[in-house]
Amino acid sequence: MASSAPAATAAAPHPYAPTPYRVLSRVSETADTVTITLAPARGAALGAHRPGQFNMVYAFGVGEVAVSISDDAVAPAPLVHTVRAVGQVTSALARAVPGQVLGVRGPYGRPWPIAGAHGKDVLVVGGGLGLAPLRPLLKELLAHRDRFGRIEIIYGARTPKDLLYYPQIQSWRQRSDWRVQVTVDAAGREWYGDVGLVTARLPDVRLEPARTVAFLCGPEIMMRNTARDLVDRGIPESAIWLSLERNMKCAIAQCGHCQFGPVFVCREGPVFAYTEIRRLLAVREV
Amino acid sequence: MASVGDRRRIERGAFPALLAALRSEGYRILGPTVRDAAIVYDEITAESDLPIGWTDRQGAGTYRLERRDDEALFGYTVGPFSWKRHLFPSRERLWTARRTGDGFEVDPEPPDDRPVAILGARACEIAAMGITDRVFAGAHRDPGYQARRSRLFVLAVQCGQAGGTCFCTSMGTGPGVTGGYDLSLTEILGPGGHRFLAVVGSEAGGRVLDRVPTVPAGDADGAAAEAIVARTAASMGRSMDTTGIRELLPGRPEHPRWEIVARRCLACTNCTMVCPTCFCSTTEEVPSLDAEKAERWRRWDSCFNSQFSQLHGGSVRQSTASRYRQWLTHKLSTWHEQFGTSGCVGCGRCITWCPVGIDLTEEVAAIRVPAPPATAPRGNR
Amino acid sequence: MTESVRPPESALRVADHPFLRGLDPSLIESLAEHAVERDFEPGEFVVRDGEIADGCYLVFHGKIALEVSAPDRGRLTIQTVGPGEVLGWSWLTPPYRWQVDARALKHVRAVRLDAEVLRRTFAEMPEAGYQFLLRLLPVIAQRLENTRIQLLDVHGV
């Protein structure tokens with residue numbers, strides 16, 4: 001009715017309008033994946049983000065796609081996004097060259113609940129591109145290393161060539177204040193590391209189930225199997241956190257695409273406690 | 001001046017004055033009209049645009065216009081259109097990006113601030129707008145929707161009859177109009193003459209009514225209107241048992257009925273297009289040929305489309321069964337968790353406009369019956 | 001390749017291996033009696049596709065790659081086996097031939113339980129043999145799961 005809804009305020013930014021950001025650098029991670037670094041093209045910048053959140057990234061004339069933020073959460077700008085070229089938009093983003101202007105809106109979504117892991121042992125399990133949203137979490141763990149107990153990290157990828165952030169992983173592996181295990185599904189002769197599923201590395205992990213918090217991100221089947229094994233080892237379901245991926249068009253719970261049962265992955269997620277979604281993960285085609 | 005809650009009587013002959021009053025108050029009028037063998041909503045410039053003397057006969061997968069034996073203006077139920085088409089257009093430009101020297105600038109689409117009066121909003125449709133309000137007015141307000149909604153004059157008309165696929169009484173949304181209107185009418189035919197009982201719902205409604213010749217409504221008018229609504233309520237074409245439905249549907253994701261309905265469902269998306277609350281959309285980028293401009297459009301999408309749940313590896317919901325389950329479970333159950341209300345108002349459009357006549361009230365009833373337990377193979381004992 | 005038969009020392013080590021820990025002591029004793037300690041240098045084959053499956057390897061140190069090869073793909077490692085894990089079940093059923101290449105990636109120290117001794121012992125002590133199989137089956141199941149995930153190519157798509 002005419003008087004019921006308040007008039008839209010002209011000052012409010014359009015929720016779908018991207019903010020221009022300039023590409024500062026572009027690094028090839030794998031054959032089809034690049035990491036781009038972005039800074040505001042003009043004055044306007046996005047608000048602060050937390051590890052685990054994502055942005056909608058826009059390529060002029062091509063379109064927009066949801067990409068997790070994978071930069072250093074401790075320092076402010078620039079923004080870092082790792083993109084795998086699989087569709088039109090991601091291919092355009094992966095081709096972006098330094099100097100080019102892209103659009104960004106966000107940050108969106110629920111971040112990793114890192115404070116809940118203070119005083120606890122931490123297990124981080126990543127698969128493939130799933131390492132991208134975990135990287136800011138790992139950086140925060142390191143930045144406040146004294147707040148956490150034992151830290152174990154397992155990262156799995158398809159082949160050694162598909163490992164993200166390889167130089168950084170090598171330096172992470174040298175550290176004595178956490179343990180990083182890397183495994184791949186298959187490898188050629190050049191690989192001297194582990195070959196097998198991330199779940200095959202779990203028995204090696206030393207942790208006290210009752211005081212462990214686990215953060216998982218990767219293919220859904222990998223997270224499901226990992227969560228199942230962790231529960232079997234006695235880690236409470238409420239201490240296991242997963243980051244889900246679904247089709248997203250709006251990122252503001254209005255387009256309906258990312259629904260997973262009652263939740264909008266863009267708003268209630270992408271990070272969920274295993275307790276919240278365990279039942280739905282077991283149902284096909286939700 | 002007529003104030004909120006005032007009840008006035010408008011004689012049939014004074015009805016054109018109501019249209020004129022709306023125009024004088026600056027409203028563009030959208031209302032029912034006959035087009036393509038259906039009653040749809042479009043611009044109303046004269047009383048003759050209205051579906052005078054027409055009614056609709058509806059059933060699962062069927063809709064027919066028929067002549068009435070009277071000259072009722074609002075003697076039909078609901079057609080394939082709903083006010084969603086106005087508030088949340090099927091295609092809408094959100095912004096335009098212009099290439100500049102070193103990048104681009106984004107110009108959001110200016111909100112459409114023309115005041116619009118919708119004529120003939122049904123109780124279920126007002127309930128539906130209340131539902132879409134919750135979708136588009138969350139933490140991120142949709143500027144286009146908000147602009148149109150805030151300038152909307154709702155002229156409600158209570159239903160004088162129920163359609164063959166109506167079940168608003170089951171959903172608690174009608175047929176009586178209880179709020180959310182600026183002005184509500186009940187069309188009274190028969191003894192005492194063709195007339196309308198008008199109730200003022202807002203100051204804007206009072207201002208419009210002040211421009212129309214009226215007399216204070218008598219007790220007889222009120223009683224006649226109540227009788228009309230009661231008769232409509234008693235003649236619903238469908239009903240749905242909503243007891244425990246929030247738990248029922250998500251609790252039976254493997255019920256065999258999902259596969260059974262999927263054998264008929266064409267995944268054509270009709271149900272979601274005619275639904276007054278379905279809000280799913282997608283965005284598309286429309287670059288100009290010279291690549292100097294790019295427009296971002298939003299258009300209706302549907303959870304029945306295979307691309308809807310597309311991830312890089314493929315669609316999450318590959319089967320039609322999973323898409324029907326998503327739609328029905330969302331509409332009747334998970335909507336409550338998302339928006340604090342059911343997503344269904346009982347208007348029956350999805351039943352009428354389904355090309356194969358799938359009836360959600362029937363599907364809910366079937367899913368209510370527990371799946372038969374697995375039986376042991378013969379010869380086992 | 002070095003091979004040494006050192007029953008007393010092996011017996012102690014065999015019983016310590018996580019795969020056998022907690023099994024019937026008389027079974028462990030029977031197996032340990034004929035156990036052989038084996039060392040493999042990096043690059044050296046532990047077992048070869050098509051050869052007689054001579055026994056079950058309990059890995060104590062190092063890392064073994066299970067490899068398959070195809071003319072156009074070269075050698076592909078499909079799984080690695082490390083300390084505390086066990087390699088091989090082809091010795092259990094005919095035709096008793098390895099179906100995979102296993103190659104040391106890092107210096108490997110392992111104990112081989114002899115195939116014939118295993119089969120004979122299981123025939124004589126079926127209950128203990130059943131317990132042994134109960135531990136071997138998850139190893140096989142995990143290999144299968146690994147293969148399934150590779151088939152899905154979950155990281156690749």
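The values are calculated or read from the model by the stated rules, or taken from the named source; none is laboratory data. Keep in mind that this is a model prediction, so the values were computed, not measured. Because the Cβ atoms are built from the backbone with ideal geometry, glycine has one as well, and the counts that use them run over all protein chains shown.
For the range B:291-304, which positions are assigned to a loop (DSSP other than H, G, I, E, B), at the interface with chain A (Cβ under 10 Å from one of its Cβ atoms) and buried (at least 16 other Cβ atoms within 10 Å of the Cβ)?
Within the range B:291-304, B:Asp301, B:Ser302, B:Cys303 qualify.
Which count do you get for residues in the range C:134-146 that are in contact (Cβ under 8 Å) with a residue 24 or more places away in the chain and surrounded by 14 or more Cβ atoms within 10 Å (Cβ to Cβ)?
5
State whether the residues of the range B:91-110 include one that is in contact (Cβ under 8 Å) with a residue 24 or more places away in the chain and away from chain A (no Cβ under 13 Å).
So far as the range B:91-110 goes, yes, one or more of its residues are in contact (Cβ under 8 Å) with a residue 24 or more places away in the chain and away from chain A (no Cβ under 13 Å).
Within the range A:145-168, track down each residue that is within 14 Å of another protein chain (Cβ to nearest Cβ), of a type in the set (Val, Ile, Thr) and either in contact with a helix residue (DSSP H, G or I) (Cβ under 7 Å, 6 or more places away or on another chain) or in a helix (DSSP H, G or I) (or both).
Residue satisfying the conditions is A:Ile154 alone.
Suppose we filter the range C:56-112 for residues that are in contact (Cβ under 8 Å) with a residue 40 or more places away in the chain and charged (D, E, K, R); how many remain?
Here the count works out to 8.
Is there a residue in the range B:27-44 that is more than 29 Å from B:Cys278 (Cβ to Cβ), surrounded by fewer than 16 Cβ atoms within 10 Å (Cβ to Cβ) and assigned by TED's automatic domain parsing to the domain that holds B:Asp142? Before the answer, list the steps.
Step one: filter the range B:27-44 for residues more than 29 Å from B:Cys278 (Cβ to Cβ), giving none.
Looking for residues that are more than 29 Å from B:Cys278 (Cβ to Cβ), surrounded by fewer than 16 Cβ atoms within 10 Å (Cβ to Cβ) and assigned by TED's automatic domain parsing to the domain that holds B:Asp142, one finds none in the range B:27-44, hence no.
Criterion first (under 30 Å from B:Ala38 (Cβ atoms), touching a Phe, Trp or Tyr at 6+ places or on another chain (Cβ under 6 Å) and surrounded by fewer than 22 Cβ atoms within 10 Å (Cβ to Cβ)) does B:Thr282 satisfy it?
Details: under 30 Å from B:Ala38 (Cβ atoms): yes; touching a Phe, Trp or Tyr at 6+ places or on another chain (Cβ under 6 Å): no; surrounded by fewer than 22 Cβ atoms within 10 Å (Cβ to Cβ): yes.
No, not satisfied.
Which ranges mark the strands (runs of 3 or more DSSP E) fully within the range A:58-136 that have 1 or more residues being of a type in the set (Gly, Ala, Ser) and either within 25 Å of B:Leu94 (Cα to Cα) or away from chain B (no Cβ under 13 Å) (or both)?
Result: A:63-68, A:101-108, A:121-127.
Starting from the range B:127-154, take each residue that is closer than 17 Å to B:Val345 by Cβ and within 7 Å of chain A (Cβ to nearest Cβ) and list its partners that are part of a strand (DSSP E or B) and of a type in the set (Gly, Ala, Ser), counting only C-beta distances under 6 angstrom and pairs at least six apart or across chains.
So the pair list comes out as B:Val154/B:Ala121.
Among the strands (runs of 3 or more DSSP E) contained in the range C:31-142, which hold 3 or more residues that are among the aliphatic types (A, V, I, L, M)? Spell out the reasoning first.
Values: elements: C:36-40, C:45-47, C:55-70, C:74-81, C:101-114.
Answer list for the range C:31-142: C:55-70, C:74-81, C:101-114.
For B:Arg195, indicate whether it is touching a Ser or Thr at 6+ places or on another chain (Cβ under 6 Å) and either of a type outside the set (Val, Ile, Thr) or within 14 Å of another protein chain (Cβ to nearest Cβ) (or both).
So B:Arg195 does not fit the description; no.
Kindly indicate which of A:Tyr155, A:Tyr165 is within 26 Å of A:Asp229 (Cα to Cα) and either in contact (Cβ under 8 Å) with a residue 24 or more places away in the chain or over 20 Å from the mean Cα position of the chain (by Cα) (or both).
Matching residue, one of A:Tyr155, A:Tyr165: A:Tyr155.
Determine which member of the set B:Leu328, B:Leu289 is over 20 Å from A:Met248 (Cα atoms) and free of Cβ contacts under 8 Å to residues at least 12 places away in the same chain.
Only one candidate passes the filter, namely B:Leu289.
Which one of these is within 14 Å of chain B (Cβ to nearest Cβ), more than 21 Å from A:Arg110 (Cα to Cα), of a type in the set (Lys, Arg) and without any contact (Cβ under 8 Å) to a residue 24 or more places away in the chain: A:Arg279, A:Arg284?
Values: A:Arg279 fails: more than 21 Å from A:Arg110 (Cα to Cα).
Within the list A:Arg279, A:Arg284, the selection yields A:Arg284.
For the subset of the range B:205-224 comprising residues that are in contact with a Leu (Cβ under 8 Å, 6 or more places away or on another chain) and within 14 Å of another protein chain (Cβ to nearest Cβ), which member is surrounded by the fewest Cβ atoms within 10 Å (Cβ to Cβ)?
B:Leu209
When only residues in the range C:35-77 that are among the basic types (Lys, Arg) and within 13 Å of C:Ala104 (Cβ to Cβ) count, which is farthest from the other protein chains (Cβ to nearest Cβ)?
Looking at the filtered set, the residue picked out is C:Arg38.
Say whether the condition of being crowded, with 17+ Cβ neighbours inside 10 Å, at pLDDT below 95 and closer than 21 Å to C:Val68 by Cβ is met by at least one residue in the range A:199-222.
Scanning the range A:199-222, I find at least one residue that is crowded, with 17+ Cβ neighbours inside 10 Å, at pLDDT below 95 and closer than 21 Å to C:Val68 by Cβ, so the answer is yes.
Please verify whether the range B:271-286 includes one or more residues that are in contact with a strand residue (DSSP E or B) (Cβ under 9 Å, 6 or more places away or on another chain), away from every other protein chain (no Cβ under 12 Å), among the polar types (S, T, N, Q) and free of Cβ contacts under 8 Å to residues at least 40 places away in the same chain. Let's see the steps before the verdict.
Just the residues of the range B:271-286 that are in contact with a strand residue (DSSP E or B) (Cβ under 9 Å, 6 or more places away or on another chain), to begin with: B:272-273, B:278-286.
Filter once more, so that each one left must be away from every other protein chain (no Cβ under 12 Å): B:273.
So of that shortlist, the ones also among the polar types (S, T, N, Q) come out as none.
Within the range B:271-286, not a single residue is in contact with a strand residue (DSSP E or B) (Cβ under 9 Å, 6 or more places away or on another chain), away from every other protein chain (no Cβ under 12 Å), among the polar types (S, T, N, Q) and free of Cβ contacts under 8 Å to residues at least 40 places away in the same chain.
Okay, residues lined up against (1) in contact (Cβ under 8 Å) with a residue 40 or more places away in the chain; (2) closer than 15 Å to A:Met248 by Cβ:
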{"site": "A:Thr19", "(1), (2)": "yes, no"}
{"site": "A:Val23", "(1), (2)": "yes, no"}
{"site": "A:Thr33", "(1), (2)": "yes, no"}
{"site": "A:Ala44", "(1), (2)": "no, no"}
{"site": "A:Gly47", "(1), (2)": "yes, no"}
{"site": "A:Gly61", "(1), (2)": "no, no"}
{"site": "A:Glu64", "(1), (2)": "yes, yes"}
{"site": "A:Asp71", "(1), (2)": "yes, no"}
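Looking only at the range A:223-238, decide whether some residue is under 15 Å from the mean Cα position of the chain (by Cα) and either on the phi > 0 side of the Ramachandran plot or within 14 Å of another protein chain (Cβ to nearest Cβ) (or both).
Yes - at least one qualifying residue is present in the range A:223-238.
Can you pull out every residue in the range B:318-331 that is under 21 Å from B:Val274 (Cβ atoms) and within 12 Å of another protein chain (Cβ to nearest Cβ)? Break it down into steps so the answer makes sense when it comes.
Going residue by residue through the range B:318-331, those that are under 21 Å from B:Val274 (Cβ atoms) are B:320, B:323-331.
Selection gives B:Thr320, B:Arg323, B:Tyr324, B:Arg325, B:Gln326, B:Trp327, B:Thr329, B:His330, B:Lys331.
Under 26 Å from A:Glu268 (Cβ atoms), outside any loop (DSSP other than H, G, I, E, B) and acidic (Asp, Glu): does that describe A:Glu140?
Criteria met by A:Glu140.
Taking the criterion of being at negative phi, of a type outside the set (Asp, Glu) and within 12 Å of chain A (Cβ to nearest Cβ), would at least one residue in the range C:113-136 satisfy it?
no
Residues B:Ala262, B:Ala227: which one is within 14 Å of chain A (Cβ to nearest Cβ) and in a helix (DSSP H, G or I)? Spell out how you get there, then give the answer.
Working: B:Ala227 fails: within 14 Å of chain A (Cβ to nearest Cβ).
Only one candidate qualifies: B:Ala262.
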